[in-house]
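Here the structure is laid out as structure tokens; the discussion comes afterwards.
The values are calculated or read from the model by the stated rules, or taken from the named source; none is laboratory data. The structure presented is a predicted model; accordingly, all values stated were derived computationally and were not measured. For neighbour counting, all protein chains shown are included, and Cβ atoms are generated from backbone atoms with ideal geometry for every residue, glycine included.
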Amino acid sequence: MTTTTKLCPRLKLLFADDERSLQELMRLELPRLGHEVTVCPDGATALAALDRNVYDCILVDLDMPGASGLEVIARAKQLAPDTEAVILTGKSSLETAVAALRYGTFDYLTKPCKLSDLDVLLRRVAEKRELTYKYRALKQRLDRIEGSAKLVGTSTPIESVRRTIAKVAPTNSTVLIWGETGTGKELVARALHDESLRADMPFVPINCGALPENLIESELFGHRRGAFTGAEEHRTGLFQVASGGTLFLDEVGELPKSMQAKLLRFLESGEIRRVGDNESMICDVRVVCATNRHLDQMVAAGEFREDLWFRINTFEIALPPLRERIDDILNLARHLAARYGTRLGIDDVLFSPETVEALKQHSWPGNVRELANVVEHAMILCDQPPVRLEHLPRRFAVKSVPAMPVPAPPSPVAAAPLAQNAATATKAAATSSLREREIHVIRDAVDRHGGNKSKAAEELGISLKTLYNKLNQAMSLDKSA
């Protein structure tokens with residue numbers, strides 16, 4: 001009966017020792033154990049290698065020409081604090097152990113050492129690094145999430161989204177989530193991760209539109225020290241932080257063309273390269289993208305790579321706007337109110353019938369994000385349930401409209417064309433009323449923030465560009481009137 005041994009995750013290693021026979025042994029055997037290794041004959045060569053590349057772990061002899069093993073370790077820790085270090089020494093002593101601890105060394109081995117012992121030690125290094133990345137990703141996630149991450153609602157559109165998630169999540173396929181601002185694209189990305197085989201590994205989100213073009217490559221792929229002005233130490237990129245898990249690229253349509261090419265290269269090869277680094281590394285990451293832009297139109301306009309568009313939307317999940325899932329508004333409001341109620345010390349949250357009707361009648365240009373802001377606003381003002389109309393923001397105050405005189409009934413001959421004209425007029429009036437209400441909501445938000453359009457857009461859950469477009473449309477209508 002044969003048994004199989006689980007392969008050790010691949011590590012990028014630096015080995016430094018002045019014994020030629022040991023150099024040749026490690027150059028041959030470490031790759032057989034599944035690792036990538038750079039072999040250095042002395043301390044000076046090792047220091048130069050550290051300035052060029054970042055390593056997961058360094059294995060160094062204590063006594064070497066050019067620089068001692070402890071000097072090499074100190075330099076490695078200065079450049080990249082995450083780098084693990086292992087001392088190889090011919091002298092096993094208390095002094096060696098103390099020196100190892102003082103310099104933050106992972107462990108030490110006495111020469112000559114068995115390859116099996118070295119293999120076990122490197123597995124421990126890999127496990128520690130994996131736990132470190134998991135911890136960082138979990139901390140990042142806990143810092144960003146409040147309350148439950150489940151999809152709330154029972155409407156037909158949201159049930160369709162749930163079914164798609166259940167089918168796609170267990171695969172490693174790339175997914176493109178499309179939806180208006182505030183519809184919950186990151187929530188769906190988290191659901192895809194939580195229901196996947198990678199659920200115990202990191203989920204790392206990044207907003208591609210929130211980073212300057214000159215920083216996004218470093219943020220995603222990392223950089224080595226000296227790669228550009230201000231790069232004073234090696235940096236681990238988010239692709240590597242998400243290793244084994246899911247990287248969520250929100251607003252992927254905002255990626256510059258140069259970064260689109262690098263993303264495509266990773267999706268096709270699984271390799272990344274740090275800024276300023278000459279060597280690539282394999283990275284096991286599932287990529288989920290999201291956008292509120294029409295990428296097909298961007299492709300036609302030459303703003304987005306067609307090959308990347310085909311590559312990222314192996315599966316596409318379209319999220320419905322809140323105005324198309326009116327039946328979910330009350331459940332969503334209760335869910336959000338319960339979350340804020342717990343934080344504010346309110347146990348039982350109820351909404352008056354008038355409040356429910358007002359929420360259902362609203363056009364929700366900011367979608368679920370706007371609803372979350374409205375509910376939080378109401379919960380702060382509401383000392384005792386139920387939540388009433390006066391607890392909602394001012395834009396929900398409905399002004400009475402004076403009744404129009406009732407015209408005399410038309411003659412039978414004119415009834416048909418008049419009915420048709422009336423239907424057309426009613427539809428036009430409804431559209432006009434919805435547009436006017438939307439403009440009123442936007443102008444009210446701008447006034448409330450003293451003319452600060454950025455804060456108004458943030459409150460409404462829409463982009464600043466969309467807000468300006470709406471205001472320009474309103475000015476055009478005012479002039480035409």
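The table that follows gives values for the structure above.
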item	result
Filter result (at pLDDT 80 or above, touching a Gly at 6+ places or on another chain (Cβ under 8 Å) and surrounded by fewer than 19 Cβ atoms within 10 Å (Cβ to Cβ)) within segment 211-235	GLU219
Subset of segment 231-261 [small (Gly, Ala, Ser) and within 16 Å of the chain's Cα centre (by Cα)]	GLY237, ALA242, SER243, GLY244, GLY245, GLY253
Any helices (runs of 4 or more DSSP H) falling wholly within segment 110-210 and containing at least 2 residues that are under 20 Å from GLU84 (Cβ atoms) and either at pLDDT below 90 or polar (S, T, N, Q) (or both)	115-144
In segment 262-272, the residues that are under 20 Å from the mean Cα position of the chain (by Cα) and in contact (Cβ under 8 Å) with a residue 40 or more places away in the chain	LYS262, LEU263, LEU264, LEU267, ILE272
Any hit, segment 315-326, residues being under 30 Å from ARG10 (Cα atoms) and touching a Lys or Arg at 6+ places or on another chain (Cβ under 8 Å)	no
Failed condition for CYS283, given (1) surrounded by fewer than 22 Cβ atoms within 10 Å (Cβ to Cβ); (2) within 20 Å of the chain's Cα centre (by Cα); (3) at pLDDT 90 or above; (4) among the hydrophobic types (A, V, I, L, M, F, W, C)	(3)
In segment 240-263, the residues that are part of a loop (DSSP other than H, G, I, E, B) and polar (S, T, N, Q)	SER243
Elements of type helices (runs of 4 or more DSSP H) in segment 19-81, at least 2 residues being among the aromatic types (Phe, Trp, Tyr), closer than 20 Å to MET281 by Cβ and without any contact (Cβ under 8 Å) to a residue 12 or more places away in the chain	none
